[in-house]
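All remarks here apply to the structure that follows.
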Amino acid sequence: MKDSRHQAILSIIRESDVRTQEELASALRERGFEVTQATVSRDVRELGVVKVASKDGGYRYAVPPTPLPPDALGRVQKTFHDYVRDVTFSGNLLVIKTQPGSAMVVAAALDALNLEGVAGTIAGDDAVLVVAKDGRPSPADGAATELYERFLEWRREP
């Protein structure tokens, strides 16, 4: 059941502009899947689904551009939970403060995901600089906001 639901999610996302988990849940219900918001949220996370800019200036869900290495998402979540102390951003730059000596581990875990909105990472000893591709002047409107929210979520979840 889970595999067929995952395939349906990927199909829905490829076929239409899905902007919210509620829209995705509704589309799944139309295809006969009984889902809750929590199930959809977990599925989105497990599939590595990302949000990308849509043509009208908003954001929509998209399938990751390349397949994720086995358990790459789980590794990055555990890495964030274990090593990340703080995440901040300004414009299209995010700074991830880590435990001393662990910035390279965090940057490598991020790089393994090939996140759509990330132009690159630079690691020092206790900080990682993440450059978001979206250079909009307001951080509330750009990819950095999406990345920031995702990083905070990973930090909370082991």
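Filter segment 72-95 down to residues that are crowded, with 20+ Cβ neighbours inside 10 Å, assigned to a helix (DSSP H, G or I) and more than 14 Å from the chain's Cα centre (by Cα), then give me how many there are.
Within segment 72-95, residues that are crowded, with 20+ Cβ neighbours inside 10 Å, assigned to a helix (DSSP H, G or I) and more than 14 Å from the chain's Cα centre (by Cα) number 2.
Within segment 8-24, is even one residue under 20 Å from Phe151 (Cα atoms), within 18 Å of the chain's Cα centre (by Cα) and touching a residue at least 12 places away in the same chain (Cβ under 8 Å)?
Yes, some residue in segment 8-24 is under 20 Å from Phe151 (Cα atoms), within 18 Å of the chain's Cα centre (by Cα) and touching a residue at least 12 places away in the same chain (Cβ under 8 Å).
Quick one: in segment 32-71, of everything that is among the hydrophobic types (A, V, I, L, M, F, W, C) and in a helix (DSSP H, G or I), which residue is modelled with the lowest pLDDT?
It comes out as Leu47.
Suppose we keep only residues that are part of a strand (DSSP E or B) and of a type in the set (A, V, I, L, M, F, W, C) within segment 96-120. Which one would you say is surrounded by the fewest Cβ atoms within 10 Å (Cβ to Cβ)?
Once the filter is applied, the top-ranked residue is Ala119.
Can you pull out the residues in segment 1-45 that are acidic (Asp, Glu) and either in contact with a Gly (Cβ under 7 Å, 6 or more places away or on another chain) or exposed (fewer than 14 other Cβ atoms within 10 Å of the Cβ) (or both)?
Asp3, Glu15, Glu22, Glu30, Glu34 - these are the residues of segment 1-45 that are acidic (Asp, Glu) and either in contact with a Gly (Cβ under 7 Å, 6 or more places away or on another chain) or exposed (fewer than 14 other Cβ atoms within 10 Å of the Cβ) (or both).
Can you find, within segment 128-158, the residue that is modelled with the lowest pLDDT among those that are assigned to a loop (DSSP other than H, G, I, E, B) and among the basic types (Lys, Arg)?
The extreme case among them is Arg136.
The values are calculated or read from the model by the stated rules, or taken from the named source; none is laboratory data. Just so you know, these numbers come straight off a predicted model, no measurement behind them. FYI the Cβ positions are ideal-geometry reconstructions off the backbone, even for glycines, and counts take in every protein chain you see.
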